[in-house]
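Everything below concerns the one structure shown next.
The values are calculated or read from the model by the stated rules, or taken from the named source; none is laboratory data. No experiment lies behind these values; they were computed from the predicted model shown. Here the Cβ is made from the backbone with ideal geometry for all residues, glycine too, and neighbour counts use every protein chain on show. Only protein heavy atoms, including side chains, enter the accessible area calculation; ligands, DNA and RNA are left aside. Shrake-Rupley method; radii C 1.70, N 1.55, O 1.52, S 1.80 Å.
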Amino acid sequence: MRKQLLTLMLALFVMGGTAMAQNGMQRQTPEERLTATMEKLTVLSLTDDQKDKTKTVFTDFYAAQQKSMEEMRASGTMDRDAMMAKRKELADARDAKLKVIFTADQMKKWIDEVEPSLRQRRQAPTGN
């Protein structure tokens, strides 16, 4: 009886850990990404007009990114090179729009500090 209880507790512990790990790996919605991005942009000291225009740019950018990924998944061709090329194309278009909105100093801060912090990083496996 004791072994069965211990085995059950161990199984529940493992399943709970797996569920939490998967929950942390879920992708953010475009709205969640917009909120996180706007929080990181506070270092640029944007005016209210700049904030409104920037929100529009990022809303369009994240929606286009999501649409592109959905199209690739639906087609069944997850070509990494094509995916990276599309991401670069969307990011270049976003940056061109931001360049019109931001001052030169803000754009430099965007490129050097903020934009690199937005890139999703995958943690390396820690198998020893």
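Worth a mention:
- In sequence order, calculated HN-Hα J values of region 95-103 (Karplus, 6.51, -1.76, 1.60; Hz; x Gly/Pro): 5, 5, 5, 5, 4, 6, 7, 7, 6
- Our estimate of slack between MET69 and GLU115, defined as 0.36 nm per intervening residue step minus the Cα-Cα distance, is 14.5 nm.
- Charge sum, other residues only, whose C-beta stays under 11 Å from SER45's C-beta, Lys/Arg counted +1 and Asp/Glu -1: +1
- For region 45-100, the spread of Cα positions along each principal axis, largest first, Å: 43, 16, 14
- Heavy atoms of SER75: accessible area, 1.4 Å probe, square angstrom to 10: 70 Å²
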